[in-house]
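S.K.: Take this structure first; my questions come after.
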Amino acid sequence: MMAAHFRRRRAIAVLLVLAVTMLARRAVAGEPAPPFKAGFAETDITPGEGMEKPGGYHKSFVRRTQDPCKVRAAVFDDGATRVALVGIDALIVPRQLVKAVRKDIGAQCGIEPEAVLIGASHSHSSGPVGMVQPGEYDHASDLVKKLAYEHSSCADPKYLERVQKEIVNAVCQADKNRVEAACGADSGHEDKVAFNRRFRMKNGLTFTHPGKRNPDIVEPAAPIDPEVGVIGAWDTTGKLLGCVVNYANHGTTGAGGWSANWIYYMEQVIRGSMGDDVIVVFLNGDCGDITQVDNLSPYPNIDGPIVGGRVGAEAVKVLLSMHRGSLAPLDAKVKVWNIKRRPPNPEKVKSCLEEAKKNPDRVPTWTKETLMLDALIANEPEVEVEVQAVQVGPAVFVTNEAEMFVEYGLELKEKSQFEFTFPVELANGCVGYIPSEEAMGPHGGGYETRLTSYSNLEITAGRQMLDAGLELVGQMTPSKAPTPKEIPPSNKPWSYGSVPPELE
C-alpha cells in the first residue's frame, strides 16, 4: 500500500513538472497562457431542530432556525494547478473530518489534498461538529466517560457525516462550475465592529471581558486586525460569480436559533449590491482574542446585522474598485508535525478526582475539564497540527488550527513578502485557543489561558505555527495584483476648462 502511495505521489509530481514546463515554453514562444478559471458553489448544512449546539462546556440544544448554515466553496484554476477555498458555517472543523473530505475530493474531482483549505467561520450558533468527538473518550474511566458524553458538548455523528458529504459536494460542484474569469485581490478597512476582549488591569494581570467600563481597566492587551481581505471573480460578461472574504472576528453575536451568525448579514449585504446568487466564501482571520463586544463603550453591544453589514459593505467597496485580470500562479504547501499538550498538575488531578467522585452528576466545570484533559493526555500526549499556505496570485492564505491570538496574524502579515497575506484560523482542524507567549507570562491571564480539554498545547505552539506559516510562504513567489493598462499623459487640456477667470 505504501509503495502504491509513493508511486501515485511520484506520478503526480511528474505531471505537475510537465504542466509547469509547458506553461514556461508557451511563455517563451509567445503563446498565450491558458485562461484563468474560477468556480463557486454552496450547499446547505442547517441542523435540525432540537440538535445540540457546540461551543460551551455543557450541553445546549436549539429549537428553531434563524437563517441557513452553509458550505461555500471556491475553486481556482490557472491551467496547471487547482486550489479550493472552503468556508463552512461551523464553530470548528474536526481534523479527522478534514482528512476524510480531502480524500473524497481527490477521488471525485482530482484536487490534491494539500490544495484544499477548509476554514470554520466560528459561528457559535451553528451545528454539532464539536466539541467532544465520537469515541474520543472510549478509553477513559467510567467517570470521565460520563463527564465527556453526558455532561459536555458533543458532536453528532450523523451530522458530521452530512457535513462531510456536503463539503465534498460543494467543492466538486464548484470545480464543475469553473469558467474563464477575470479576478482581483484587494483589501479594505473596518475598525468599528471588532474589539480586543482582553485588558491589562491595575492589579498587574490581564482579564478577558473585565466588565464594561470597569474602572480598573488600564488598556487593551492587544490591538485588532481591521483588514477586510477580498478576492473577486467575474465571468466574461462581467457578472460577479463569487468572492472570498477574510476578516478577524468571533462569530458570537446573538442568534435566536441556528444561524451563520453575523456572516449571514455580510452575505446579504454583498448579494444585495452585487447579485442575489453571488457565492460568498468567508474565512475567519486570527481572532482568538477579538469579538464584537466593546468593553470600553457605555452602550449596548452591537448585533449581527451591524457587524455583518459593515464588513459586507466594506467588501462591496473593495469589489467595486477592484482591478481584474488573472490571479496566476496558484500554489499550495502544507507542513504537518506534532505539538505536545500541557499536562495539568498531578496534585490538581487528584483533588479534582476526589471532588468529582462525591457527586458525579454535579461536577464543577473546571474540575470536569481537568479530568477530561488528564484522560486525553493518557491516550494522546501530542497533537498532530497542520499549517497550510495557499497562493492565489498576489494573495496567500495561511492557516492554523487554533483560535489564534491576533498578534500572530499581524506578525505574519508584517513578515510576509506577499502584497496580501490573509491568516485563516480554525482551518483544517481544531486545537483550541493559542494565546500569545506574553499572555502566558506573569502579567498575562484571562479565559483563553485556562488549561482545558479544548485548549492545552504547549506555550510555544503559536510561535511554532507562525514560523511554519512563514516558512511555507517563503517558498512561494507572489505575482502582482492585476492593474488596468495605463493611459499615456496628455498635453491637451479640456477646452471648456483651460480658460482664465471670467470676471465680467
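Here, each number is a calculation from the coordinates, and none is a lab measurement. Being a predicted model, the structure only gives us computed values, none of them experimental. Cβ atoms come from the backbone with ideal geometry, glycine included; neighbour counts cover every protein chain shown.
S.K.: Once you keep just the Cα pairs under 8 angstrom separated by 6 or more residues, what percentage relative contact order results for region 21-126?
M.R.: Result for region 21-126 is 25 percent.
S.K.: Among the trypsin sites (Lys or Arg not before Pro) within region 54-147, which fall in a DSSP loop and have no more than 16 other Cβ atoms within 10 Å of their own Cβ?
M.R.: 59, 63, 64
S.K.: Give me the net charge for the shell around residue 181: Cβ to Cβ below 12 angstrom, other residues only, Lys and Arg +1, Asp and Glu -1.
M.R.: The answer is 0.
S.K.: Which whole-percent values make up P(r) of region 206-270 when all C-alpha to C-alpha distances are grouped in 5 Å steps starting at zero?
M.R.: 3, 11, 15, 16, 14, 14, 11, 6, 3, 3, 2, 0
S.K.: Using the alpha-carbon centroid of each, what span in Å lies between region 449-477 and region 212-260?
M.R.: Value for the Cα centre distance between the two parts: 22 Å.
S.K.: Can you give the helix-only mean residue ellipticity at 222 nm for the chain, where every DSSP H stretch with n ≥ 4 adds -39500 (n - 2.57) and the sum goes over all residues, rounded to the nearest 500 deg cm²/dmol?
M.R.: Rounded to the nearest 500, the figure is -10000 deg cm²/dmol.
S.K.: A further question follows. Quick one: which residues, 5+ away or cross-chain, put their amide H under 5 Å from the amide H of residue 254? H built at 1.01 Å from N.
M.R.: 304
S.K.: Extension gain residue 351-residue 379, at 0.36 nm per residue separation less the Cα-Cα distance, in nm?
M.R.: Roughly 8.0 nm would be gained on extension.
S.K.: Right, another one. Per-residue HN-Hα couplings for region 465-472, Karplus 6.51 cos²θ - 1.76 cosθ + 1.60 at θ = phi - 60°, whole Hz, x for Gly and Pro?
M.R.: Per-residue couplings from phi come out as 5, 4, 4, 5, x, 5, 4, 5 Hz.
S.K.: Enumerate the amide H contacts of residue 154 below 5 Å, restricted to partners 5 or more residues apart or on another chain; note that Pro and chain-start residues carry no placed amide H.
M.R.: Hits under the 5 Å cutoff: 131, 132.
S.K.: I would also like to ask the following. Report for the chain the percent antiparallel among DSSP-assigned beta bridges with both residues inside it, nearest 5.
M.R.: Given both bridge residues lie in the chain, the antiparallel proportion sits at roughly 75 percent.
S.K.: Quick one, what does Rg over Rh come out to for region 152-270 if you take C-alpha atoms and the Kirkwood Rh?
M.R.: 1.09
S.K.: Compute from the Cα atoms of region 138-203 the Rg and the Dmax, the latter being the longest Cα-Cα distance, and quote both in angstrom.
M.R.: When restricted to Cα atoms, region 138-203 yields Rg and Dmax of 22.6, 59 Å.
S.K.: Something else now. Which loop GluC sites (Glu not before Pro) in region 22-129, with loop taken from DSSP, have no more than 14 other Cβ atoms within 10 angstrom of their Cβ?
M.R.: 49
S.K.: What does the convex hull of the Cα atoms come to per residue for region 80-150, in Å³?
M.R.: Per residue, the Cα convex hull of region 80-150 comes to 98 Å³.
S.K.: Continuing with the same structure: In whole percent, what relative contact order does the chain give with Cα contacts below 8 Å and a gap of six or more residues?
M.R.: For the chain, the relative contact order is 17 percent.
S.K.: Can you compute 3J(HN,Hα) from phi for each residue in region 366-382, using the Karplus curve 6.51 cos²θ - 1.76 cosθ + 1.60 with θ = phi - 60°, rounded to whole Hz and x for Gly and Pro?
M.R.: With the stated coefficients, region 366-382 comes to 6, 5, 4, 5, 5, 5, 5, 5, 4, 5, 4, 5, 4, 9, 8, x, 10 Hz.
S.K.: Please name whichever of 250, 338, 210 sits farthest to the positive end of the charge dipole of the chain, dipole taken about the Cα centre and charges placed at Cβ: Lys and Arg +1, Asp and Glu -1.
M.R.: 338
S.K.: Is there a quick way to get the dipole size of region 35-474? I mean about its Cα centre, with the Cβ of Lys and Arg at +1 and of Asp and Glu at -1; what is the value in debye to the nearest 20?
M.R.: Charge dipole, region 35-474, about its Cα centre: 760 debye, nearest 20.
S.K.: Which is farthest toward the positive dipole end of region 449-504 among 484, 497, 457, measuring Cα position about the Cα centre, with Cβ charges +1 (Lys, Arg) and -1 (Asp, Glu)?
M.R.: My answer, from the dipole projection, is 457.
S.K.: Please compute the modelled spin-label separation between residue 486 and residue 415, points set 7 Å along Cα→Cβ, answer in nm with one decimal.
M.R.: 3.5 nm
S.K.: Set the Förster distance to 41 Å, then compute FRET efficiency between residue 165 and residue 447 from the Cβ-Cβ distance, nearest 0.05.
M.R.: 0.75
S.K.: What ranking, highest mean first, results for peptides 182-188, 290-296 when packing means the other Cβ atoms within 10 Å averaged over each residue?
M.R.: 182-188, 290-296
S.K.: Per residue of region 420-432, in order, report the coupling 6.51 cos²θ - 1.76 cosθ + 1.60 (Karplus, θ = phi - 60°) as ³J(HN,Hα) in whole Hz, putting x for Gly and Pro.
M.R.: 10, 10, 10, x, 10, 8, 6, 10, 6, x, 8, 10, x
S.K.: Follow-up. How far, in degrees from 0 to 90, does helix 346-358 lean away from the longest principal axis of the Cα atoms of the chain, to the nearest 10?
M.R.: Taking Cα atoms only, the helix is inclined about 70 degrees.
S.K.: If amide H atoms are built 1.01 Å from N in the plane of the peptide, which residues on other chains or at least 5 residues away come under 5 Å of the amide H of residue 249?
M.R.: For residue 249, whose amide H was placed from the backbone, the distant partners under 5 Å are 285.
S.K.: Give me the Debye-computed log₁₀ of I(q)/I(0) at q = 0.12 Å⁻¹ for the chain, equal point scatterers on Cα only, no solvent, two decimals.
M.R.: The Debye formula, applied to the Cα set alone, gives -1.10.
S.K.: Dipole magnitude of region 43-117 about its Cα centre, charges +1 at Lys/Arg Cβ and -1 at Asp/Glu Cβ only, in debye to the nearest 20?
M.R.: Dipole size: approximately 360 debye.
S.K.: List 234, 337, 494, 262 from most exposed to least, where exposure is judged by having the fewest other Cβ atoms within 10 Å.
M.R.: In increasing order of surrounding Cβ atoms, one gets 494, 337, 234, 262.
S.K.: Given the C-alpha centroids of region 304-358 and region 143-195, what is the distance between them in whole angstrom?
M.R.: 12 Å
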